[in-house]
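Asks: Have a look at this one.
Every number in this text was worked out from the coordinates using simple rules, so none of it is lab data. Source: prediction; values computed, not measured. When we count neighbours, we look across all protein chains shown, and the Cβ atoms used for this are built from the backbone with ideal geometry, even at glycine.
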Amino acid sequence: MIPGFPNAMPVEGFIGGLLIGLAAAIMLLGLGRIAGVSGLAARATGIADTGAPRGIAVAFVIGLPLGAFLIATLAGGVTTKFPVSIWPLIIGGLLVGFGTRLGSGCTSGHGVCGMSRLSPRSLVATALFMASGFVTVALLRLGAFL
Amino acid sequence: MKPIVVSLVSGALFGAGLAFSGMADPARVQGFLDLFGNWDPTLAFVMGGALIPMAIAWIIKGRLHAPLAAPVFDLPTSTKLDRPLALGSLLFGLGWGISGLCPGPALADLGVVPLAVMPFVVAMFVGMALHRFLPQLTQQKGASQ
């Protein structure tokens, strides 16, 4: 626990982060690819027709919920709190889908894989989507939606 | 090992990491973005943890001629800082802040709370499809006029 931040989970966060980094390392060293979820999801569904071989994209996208399910089973549940209204999910989903394709990546591809490679595009993308997220939540708070 | 098995293992480890770290929880992610509220720094620890194995992996990659279970490395090569990169990232951040979800946690949540996350996942794929097909639609419309 961190003093002043009673809700933070630094240890679980760090260990979970190591697992995520290991997963991305397996994709890089095993298959020579970036573990970018937005790109692989677009490829798996056929929305993108270039990128990873279809089977590899589908297997990764199936693996994500499978791994989360295993943790939920072993740990006796995973805490999730979703917005009460459906609209933040629909509007957020549309923007995340469109934006990650236009910007060629999301938190995994740009944030984890690109930043660790010191890719200039990924450093800029990560700075921008983080800044945009901070401003968005600040505005939501200002409008008392949170 | 078969490439598909490697990919499945990578995806499952990724999903496990997201669930274990608390990143499958939209409220926790939104808490990280909530600088002026009850700020939750957990996401920074997740990112820090994830960057360590990957930084090592990039060093190892430099000494390999080919990946271990595939014929060649197929990695992004562009270094151009262009408008689509900037605009797309800003729009993504907007949606991320509104919902507390990005593609990885959204898909991982299908294995934990499928009904709750389904509206986001459907909308996300619609957004991806719009990006792919909208230019074609507007071009066709323009051509027919």
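Asks: Could you check the spin-label model distance between B:Val126 and B:His65? Points 7 Å from the Cα along Cα→Cβ, value in nm.
Replies: Once both label points are built, they end up 5.1 nm from each other.
Asks: Taking the alpha-carbon centroid of each part, what is the distance from segment A:114-146 to segment B:41-113 in angstrom?
Replies: 14
Asks: If you don't mind, another one. Taking amide H positions as placed in the peptide plane 1.01 Å from N, state which residues far from A:Phe5 in sequence (5 or more) or on other chains have amide H under 5 Å from it.
Replies: none
Asks: Between B:Val46, B:Val113, B:Val29, where does the largest GNM mean-square fluctuation fall for chain B, given springs only between Cα atoms within less than 10 Å?
Replies: Per the Cα network of chain B with a 10 Å cutoff, B:Val113 tops the list.
Asks: Then there is this: With each pseudo-label sitting 7 Å past Cα toward Cβ, what's the B:Leu81-A:Ala131 distance in nm, one decimal?
Replies: 1.0
Asks: Would you list the membrane-span-like helices of chain A, meaning whole DSSP H runs whose alpha-carbon atoms span at least 15 Å along their axis and whose mean Kyte-Doolittle value is at least 1.6? Intermediate values should be presented prior to the final figure.
Replies: Details: long enough: A:10-31 (31 Å, 1.98); A:54-75 (32 Å, 1.99); A:87-102 (22 Å, 1.37); A:120-142 (33 Å, 1.40).
What comes out of the filter, once short or polar helices are dropped, is A:10-31, A:54-75.
Asks: Let me ask something else. Which aspartates and glutamates, on any chain, are close to A:Lys81 with Cα under 13 Å apart, when same-chain ones fewer than 8 places away are left out?
Replies: Straight-distance partners of A:Lys81: B:Asp25, B:Asp109.
Asks: Could you work out, residue by residue across A:48-58, how many beta carbons of other chains sit within 10 Å of that residue's beta carbon, and then give the average as an integer?
Replies: Counting Cβ atoms of other protein chains within 10 Å of each residue's Cβ and averaging gives 3.
Asks: When the helix-only estimate is applied to chain B (DSSP H runs of n ≥ 4, each -39,500 (n - 2.57), divided by the residue count), what is the mean residue ellipticity at 222 nm, nearest 500 deg cm²/dmol? Please report the intermediate quantities before stating the final value.
Replies: Values: 6 runs with 102 residues, N = 145.
Dividing the helical sum by the residues of chain B leaves -23500 deg cm²/dmol.
Asks: Report, to two decimal places, the Cα Rg of the protein assembly as shown normalised by 2.2 N^0.38 Å (N = number of residues).
Replies: On the way: Rg = 17.9 Å, N = 291, 2.2 N^0.38 = 19.0 Å.
So the Cα radius of gyration is 0.94 times the expected 2.2 N^0.38 Å.
Asks: Let me have the relative contact order for chain A, percent, based on Cα pairs under 8 Å that are six or more residues apart.
Replies: Details: 93 pairs, mean separation 29.0, N = 146.
Result for chain A is 20 percent.
Asks: Let me ask you something else. Looking only at chymotrypsin sites (Phe, Trp or Tyr not before Pro) in DSSP loops with at most 16 other Cβ atoms within 10 Å, what is the longest site-free stretch of chain B?
Replies: Working: sites that count: B:Phe36, B:Trp39, B:Phe73.
After excluding every exposed loop site, the longest remaining stretch is B:74-145.
Asks: Whole-Hz Karplus ³J(HN,Hα) for segment B:118-129, in order, using 6.51 cos²θ - 1.76 cosθ + 1.60 and θ = phi - 60°, x for Gly and Pro?
Replies: Each residue of segment B:118-129 in turn: 4, x, 5, 4, 4, 4, 4, 5, 4, x, 5, 5 Hz.
Asks: Can I ask one more? Fewest first, what order do A:Arg43, A:Arg101 take by the number of other Cβ atoms within 10 Å? Don't jump to the answer; show the numbers that get you there.
Replies: Numbers: A:Arg43 22, A:Arg101 27.
Fewest-to-most ranking of A:Arg43, A:Arg101: A:Arg43, A:Arg101.
Asks: Helix-only mean residue ellipticity at 222 nm, chain A, DSSP H runs n ≥ 4 weighted -39,500 (n - 2.57), per residue, nearest 500. What is it?
Replies: Using -39500 (n - 2.57) per qualifying helix, the result is -21000 deg cm²/dmol.
Asks: Would you please calculate the Kirkwood hydrodynamic radius of segment A:10-142 over all C-alpha pairs and express it in Å, rounded to one decimal? Please list the in-between numbers first.
Replies: Working: mean 1/r = 0.0609 Å⁻¹.
Hydrodynamic radius (Kirkwood, Cα pairs) of segment A:10-142 is 16.4 Å.
Asks: Also: Relative contact order, percent, of segment B:3-144 when contacts are C-alpha pairs under 8 Å separated by at least 6 residues?
Replies: Values: 65 pairs, mean separation 40.5, N = 142.
Over segment B:3-144, the number comes to 29 percent.
Asks: Next question, about the same structure. From the C-alpha gyration tensor of chain B, pull out the three semi-axes of the equivalent ellipsoid (sqrt of 5λ each), sorted largest to smallest, in whole Å. Spell out each step's value before the answer.
Replies: Values: eigenvalues 157, 132, 63 Å².
They are 28, 26, 18 Å, listed from largest to smallest.
Asks: Could you list the trypsin sites (Lys or Arg not before Pro) in segment B:46-82 that lie in coil according to DSSP, counting only those with at most 14 other Cβ atoms within 10 Å of their Cβ? Walk me through the intermediate numbers first.
Replies: Details: sites: B:Lys61, B:Arg63, B:Lys80; in loops: B:Arg63, B:Lys80.
Within segment B:46-82, the qualifying trypsin sites (Lys or Arg not before Pro) (loop, at most 14 other Cβ atoms within 10 Å) are B:Arg63, B:Lys80.
Asks: Now for a different question. Provide the convex hull volume over Cα atoms per residue for segment A:39-83, in Å³.
Replies: Numbers: hull volume 3.5 nm³, N = 45.
Here the figure is 78 Å³ per residue.
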